[in-house]
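The values are calculated or read from the model by the stated rules, or taken from the named source; none is laboratory data. Being a predicted model, the structure only gives us computed values, none of them experimental. Every residue, glycine as well, gets a Cβ built from its backbone with ideal geometry; the counts of neighbours run over all protein chains shown.
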Amino acid sequence: MATHPYLIIQHSDDHGHTWSAEIWRQLVGMDKNYLNRVRLFRQGAPMDRIYRLTFSDPASFTVISANAKIEFGI
């Protein structure tokens with residue numbers, strides 16, 4: 001039985017000195033194509049946030065693109 005790999009996401013608001021709890025997102029369809037989308041919502045409003053991405057499987061992993069849609073308001 002094949003299992004799907006996971007993308008593990010963490011963020012830091014202090015230039016990488018401390019990291020948030022891990023967010024695990026399953027990458028479904030990795031065996032069919034390389035196009036997978038991971039979406040995060042309600043991530044707060046820090047000025048200098050950086051993200052750390054880890055791949056769960058012992059294989060190569062490449063991020064082709066990263067985008068942010070930022071909305072202000074209540």
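Here R52 fulfils each of the conditions (1) at pLDDT 85 or above; (2) surrounded by 12 or more Cβ atoms within 10 Å (Cβ to Cβ); (3) of a type outside the set (G, A, S); (4) assigned to a loop (DSSP other than H, G, I, E, B) apart from (4).
Given the options T18, T62, T3, name the one that is loosely packed, with under 12 Cβ neighbours inside 10 Å and at pLDDT 85 or above. Show your work before the answer.
On the way: T62 fails: at pLDDT 85 or above; T3 fails: at pLDDT 85 or above.
The unique qualifying residue is T18.
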